[in-house]
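Have a look at this one before I ask anything.
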Amino acid sequence: GELATARDAVAVAQITAQEEVRLATERGLDANQALEERVSSLTRQLDEAQAELEKAKVAQEDAAVASARLATVRDEADGLRSELATVLQDKQAAEKELVSAKKRADAAERAAQAEREKVQALAVRLEDERTLRREGEIVTTERSGLPSDVVELRKAYAAQLRTNASLLSRMQKLRGNILVCCRIRPWLDHEQASRDGKMAVEAMNSEEIGFFNDKAQSWRPFAFDRVFAPGSTQNEVCREVA
């Protein structure tokens, strides 16, 4: 009876030990799985942290580059400000010189106008003297006994000379104050394409232009005080007419 009891106790002990081993094994497996999950989570977190660290390094490098670029831009801006100040000073000096040159030009124009008026007065006086000489010749002719119709013709001729002298004086005064100029502008792109490179108006010289009449297929000349070709600059025009 004692042997059977001992065998039963051994069997129970074996069963109990097996159950404990099974439970321990399951707990070990669960713990191992939990550890693997923890390791996987930590690995992911480490990878993310590494990626963030790389981003931070790149951002830091970009910030350093941006800082260097900002310093360069600031230096360039300082240089541009200095250059602008110099240009403004040069502009002010040029404006002062322009005002001074304008004053000198005005004075020269007044002097030239005075000289022109002197020349015009001299021309009128000379014409008057020639007219008086011709009238003296007419009086002499009257006394010489020429036919009356010839005398009358000479008198009319002398009167016409006086009228012409007066008109010449007036024209010279007007011409001294008025200039009729013509400036031919350059081609526009669509005009050059449509006319196959043929100009309708051309500068013949500094005082004449030629106009091409399509119907008559011929050129007609027109005269001006001054003609500016298409290649003339704005400064050239201003110097001539100012």
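Using packing as a proxy for protection, rank 180-189, 77-86 so that the peptide with the highest average count of other Cβ atoms within 10 Å comes first.
Values: 180-189: 11.9, 77-86: 10.0.
Taking the mean over residues of other Cβ atoms within 10 Å, the ranking is 180-189, 77-86.
Taking all protein chains as present, what is the carbon and sulfur share of the accessible area of the range 10-80, in % to the nearest whole number, probe 1.4 Å?
60
Take the alpha carbon gyration tensor of the range 14-103, find the square roots of its eigenvalues, order them as a ≥ b ≥ c, and report rounded if a/c is under 1.5; if not, report prolate when a/b exceeds b/c, else oblate.
Details: a/c = 18.64, a/b = 11.44, b/c = 1.63.
Prolate.
With a 1.4 Å probe and every protein chain left in place, work out the accessible area per residue of the range 9-73 in Å², rounded to a whole number. Please report the intermediate quantities before stating the final value.
Numbers: 5420 Å² over 65 residues.
Roughly 83 Å² per residue, with all protein chains present.
E207's amide H: which non-local residues (gap 5+, or another chain) put their own amide H closer than 5 Å, with H modeled 1.01 Å from N in plane and none for Pro or chain starts?
Those qualifying (amide H under 5 Å, at least 5 residues apart or on another chain) are V227.
The values are calculated or read from the model by the stated rules, or taken from the named source; none is laboratory data. A quick note: this is a predicted structure, and the numbers were derived from the prediction, not measured. Cβ coordinates were reconstructed from backbone atoms using ideal geometry, including for glycine residues, and neighbour counts include every protein chain displayed. The protein model used for the area step is the full one, side chains on, heavy atoms only, and it has no ligands, DNA or RNA in it. Shrake-Rupley method; radii C 1.70, N 1.55, O 1.52, S 1.80 Å.
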